[in-house]
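The values are calculated or read from the model by the stated rules, or taken from the named source; none is laboratory data. Values in this document were obtained by computation on a predicted structure and should not be read as measured data. Glycine also receives a Cβ, built like all others from the backbone with ideal geometry; neighbour counts cover every protein chain displayed. Just the protein is used for accessible areas: all its heavy atoms, side chains included, with ligands, DNA and RNA removed. Shrake-Rupley method; radii C 1.70, N 1.55, O 1.52, S 1.80 Å.
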Amino acid sequence: MRHLLFAAAAGVLLPLAVWAQSPSDNSDNPLWRPASQLPEQSAPVGSAWELYPPQPGFRNEVLPAFLNELFERQARGEERPPVVQQQQGDRDEGDIAILALTSDQLERLNRQPDLTGVAGQFYRSHKDNYDVLVFWSSEFLTERIGAGAFYAPVSNNVTGINARRCSTSGSCQIPIEIFSQAGFYGSRRLNGVVLMNNLHQNLINAARPYRRNPYDIMGVVGQELGHQYGVQVRFKRPDGSLSTELLGRDNSHYSFYANSDASPLEGNRWEETQPGRFRARAVFDTRFNHLDQYIFGLRSPEETSPLWFIRNPRVPNRSRNPSPASPPLQWGEVIALGEKVDVPVSAVVAAEGQRTPTVDKSPKYFKQAWIYLSPQGRGFTPAEINTLNNIREEWLDLFYNGMDRRGRVIASLDGRDEYPVFDLKIFDEGWTAENPFVDLISGGALVSNDGQNLLCAYAGDAPGLVHTNLKLKTDRLNTGLVRMSVPKGAAGAARLWWTNSADENFGEAKSVLLPVIPDGQFHTYAVNLRAGGALNGVIYKMRITPAEKLVPGEDGTAPVVRYDLIELTAKTYSDKDSDSFPDEFDNCPDAFNVDQGDDNADGKGNLCDPSWSPPPVAGPISGGVEGGVEGNELEPGGCNCALPGRGASAPWGLLALAAAIWILRRRM
């Protein structure tokens, strides 16, 4: 696969090579045969070599030279937005922007990877709301300079990730880390541009479901957009020297011998089968590892597991080892011998400094615009736009789950969130209190996140949570899942609401009931979204009310609802015992137990637990004590107060404030 990228190692701007090494590097290694020569049962359709036929020894200096030219022009005070006109044929098709290019524009792109002009053309009709512009084309652009797909940085405001660039095309003795060339593109906030090039060339294996290995379309998308921040970090050895041993191709991808957990930024997924002996296999589930997430500002150093690599590797039965710059395994497996070396994130911090902004201040949303370039007069076909939309939507899922649900991509042109899964363990993901707390008189709801759940403490009339920036297509949705903990004393059912326009008010006609168990424990509730027949079109706003009425605790503290997950899915669920809890989430799927009682908190419902017996019937006991058990009796439904982030363990500051609000209102 021919990627033309660039990297900065020790502050030096370097071009990147293509995937394939020269024939002398791998001619005796069957792992590196072109796909056409692989055994039929092993060759993945749409492999890298089919997508981008390799040119042995190819290197290209054009992109780094162009970026250095921008720095020189900037130093001379020549940073000006491009002078371009909106062209006939420019339009939006859903969330894909179509740009019609003149023959002169196409010729310039073939000579130089200069996307300033097409970016300026895009901004003629769109707001400056995006971090990255992702360009696709109907033609193979940049063919003369040999580029297949590339990411080019435009600006950077993050330190601690070794994103240094040369400020001139000279000796580069004073590299800079914080920079912006966004003005050349007609923007004030743009971080980078990606050219994915010819849509048709990329789509040898474009039918859904898309495979997610480094050689298929989603792996390429993940790599180019992963270059927004990764991966160029060095680490400090115990002797104090700096090392790039985690890195491979041009010091901006992982080494072939790095256990990168099959990151889109290359490396492999290695396992140590015995001390000093390692095995890697080709994978089809590429995902971003902990270090990637740290570099993106989505994971703290304390949460980041070490990566490791193989030092002094030797591949048996090969006359020549794959180099650290070799691309990941395309098929089969490989055995290597060597020394396992752990690299904790503290060693990266020692080399590069702490990532700033830190995880508590870094953005969790990454806004992108996807743009299709086509020659004037050619236009586009509905199939092309549909395919590009499918890839775009698949990328939302790959990023969200590949980043362990710690960040979200917004890739709609209007900035609305299209991904229907909200895992609320890390941050609010756009959900806010419908009636936010204002003051002690007005009351309201206080929303916070304790790193495990989204907490909502209610005081006064505060009906629920709301998300007002959605664009969810309902043609693929059947079931609503809500995992939450409703406090004791709550009355009535929960309800999930939606609207089909941004300015529409919520109404019961577009809502479904969720019977809840008010026991202070977590339960997953599932509801058929199509039961009422009102689910259609596009959802622009959603709301959840956890009960019809919430009451304060016995000590006057405000009721706290904990939210863990809100998800709309195409999946349907069976419910054998018809107790409104799908079998997958029912703690007793073969017996009707609408209360989901689990007195010993072992995960098995009372009616399915052989060790459970009904409590004694309450009655008079000698001494006048009412009830069947003396002492500390287990409360109905069990108690999980000892579990971190569950039950009644809400943050004391939040509870204290909510309690004060509630007591004051009761006395008024």
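For a straight C-alpha distance cut-off of 18 angstrom, the aspartates and glutamates reachable from Lys571 (same-chain residues fewer than eight places away being disregarded) are Glu393, Glu394, Asp397, Glu418, Asp423, Asp475, Asp583, Glu584, Asp586.
First compute the accessible area of segment 484-599 with a 1.4 Å probe, then give the percent of it belonging to carbon and sulfur atoms.
Percent of accessible area from carbon and sulfur atoms in segment 484-599: 49.
Remark: the Phe585-Glu548 segment gains 10.9 nm on full extension, using 0.36 nm per residue and subtracting the alpha carbon distance.
The shape of segment 342-442 can be summarised by an equivalent ellipsoid whose semi-axes, obtained from the alpha carbon gyration tensor, come to 33, 25, 13 Å from longest to shortest. Overall shape of segment 273-340 was characterised from the C-alpha gyration tensor. The equivalent ellipsoid obtained from it has semi-axes of 26, 15, 11 Å, in decreasing order.
With the highest mean first, a sort of the peptides 304-311, 262-269 on other beta-carbon atoms found within 10 angstrom per residue produces 262-269, 304-311.
Label segment 436-566 by shape, choosing from rounded, prolate and oblate, from the square roots a ≥ b ≥ c of the eigenvalues of the Cα gyration tensor; if a/c is under 1.5 it is rounded, and otherwise prolate applies when a/b is larger than b/c, oblate when it is not.
prolate
Highest average first, the peptides 561-570, 228-237 ordered by how many other beta carbon atoms sit within 10 Å of their residues are 228-237, 561-570. Listed values for segment 599-608 are Karplus-derived 3J(HN,Hα) couplings in whole Hz (6.51 cos²θ - 1.76 cosθ + 1.60, θ = phi - 60°), namely 4, 9, 6, 9, x, 9, x, 3, 6, 10, and x replaces Gly and Pro.
Over segment 376-442, average the accessible area per residue using a 1.4 Å probe and give it in Å², no decimals.
With the other protein chains kept in place, segment 376-442 gives 36 Å² per residue.
Amide H to amide H distances under 5 Å link Gly520 with Val486, Lys488, where only residues 5 or more positions off or on other chains count and H is placed in the peptide plane.
Only protein heavy atoms count here; under a 1.4 Å probe, Phe380 has an accessible surface of about 60 Å².
At q = 0.20 Å⁻¹, work out log10 I(q)/I(0) for segment 292-376 with the Debye formula, treating every Cα as an identical point scatterer and leaving solvent out; two decimals please. Calculated log10 I(q)/I(0) at the listed q: -0.97. Taking θ as phi - 60° and the Karplus parameters 6.51, -1.76 and 1.60, the scalar couplings of segment 282-290 work out to 4, 10, 10, 9, 4, 7, 7, 7, 4 Hz in sequence order, x denoting glycine and proline. The aspartates and glutamates whose alpha-carbon is closer than 12 Å to the alpha-carbon of Lys488, local same-chain residues fewer than 8 away aside, are Asp519, Glu554, Glu635. Note on Lys127: lysines with a C-alpha under 26 Å away, same-chain residues under 8 apart excluded, are Lys361, Lys364, Lys367, Lys471, Lys473, Lys541. At the residue level, Lys340 shows approximately 80 square angstrom of accessible surface with a 1.4 angstrom probe and all protein chains present. In segment 331-410, taking the dipole from charged Cβ atoms about the Cα centre, the farthest positive-side position among Ala350, Gly407, Pro363 is held by Pro363. Close amide-amide hydrogen proximity is noted between Ser255 and Leu247, Gly248, each under 5 Å apart and 5 or more residues distant or on a separate chain (H modeled in the peptide plane; Pro and chain starts excluded). Packing, taken as the mean count of other beta carbons within 10 Å per residue, orders the peptides 292-301, 111-120 from highest to lowest as 292-301, 111-120.
Got a number for carbon plus sulfur as a percent of segment 281-340's accessible area, 1.4 Å probe?
46
The amide H of Thr286, built 1.01 Å from its N in the peptide plane, has Arg212, Asn213 as neighbours under 5 Å, considering only residues 5 or more places off or on other chains. Surface composition of segment 355-402: carbon and sulfur atoms hold 56% of the protein heavy-atom accessible area at a 1.4 Å probe. Calculate, for Asp475 and Asn505, the FRET efficiency according to 1/(1 + (r/R0)^6) with r their C-beta to C-beta distance and R0 25 Å; round to the nearest 0.05. FRET efficiency, Asp475 to Asn505: 0.60.
Applying a DSSP loop filter and a limit of 16 other Cβ atoms within 10 Å to the GluC sites (Glu not before Pro) in segment 491-554 leaves Glu504, Glu548, Glu554.
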